[in-house]
Amino acid sequence: MLSPNSVTRQLSDQISLAKAFVVIAKESSNIQFAWELSAQIRNAQVLLSSVASRRAPLTTTESETAIRDMALLLFNAQQLHYDSATMIMRLKTKIQSS
């Protein structure tokens, strides 16, 4: 079992990565996927906020569900080639064509 701090850190890291993927999805005109990522980001932020309010660690069920749901979307982003190297090449091409 992970410590509550490491679970919170992992979820926070996933949120940061998902925010970057939202921008990439919008840039790629994948509005549906951007919406799904945004909804999951909001859910994770609400969960972290409620944990901070109640001053108790995430339960195992809460943490496993939140991390799994976000991980599935992040995996989908990777399948869509929303990684940094691909995006750098896309942006480079876009800049050079302007």
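Read the figures in this text as sums done on the coordinates, not as results from a lab. Keep in mind that this is a model prediction, so the values were computed, not measured. Here the Cβ is made from the backbone with ideal geometry for all residues, glycine too, and neighbour counts use every protein chain on show.
Out of Leu17, Leu74, one residue alone is in contact with a Phe, Trp or Tyr (Cβ under 9 Å, 6 or more places away or on another chain), in a helix (DSSP H, G or I) and surrounded by 13 or more Cβ atoms within 10 Å (Cβ to Cβ). It is Leu74. Beta carbons closer than 8 Å, at least 6 apart along the sequence or on distinct chains, pair a first residue in region 27-43 that is touching a residue at least 40 places away in the same chain (Cβ under 8 Å) with a second that is surrounded by 14 or more Cβ atoms within 10 Å (Cβ to Cβ) and among the β-branched types (Val, Ile, Thr) for Leu37/Val22. Name the pairs whose Cβ atoms lie under 7 Å apart, with the first residue in region 84-96 and touching a residue at least 24 places away in the same chain (Cβ under 8 Å) and at negative phi, the second surrounded by 10 or more Cβ atoms within 10 Å (Cβ to Cβ) and assigned to a helix (DSSP H, G or I), and 6 or more positions between them or separate chains? That search, which allows pairs on different chains as well, returns Met87/Ile24. Checked against (1) surrounded by 12 or more Cβ atoms within 10 Å (Cβ to Cβ); (2) part of a helix (DSSP H, G or I), Leu58 passes all but a single condition, namely (2). Look at (1) under 11 Å from the mean Cα position of the chain (by Cα); (2) surrounded by 13 or more Cβ atoms within 10 Å (Cβ to Cβ) and you find that Arg42 fails only one, number (2).
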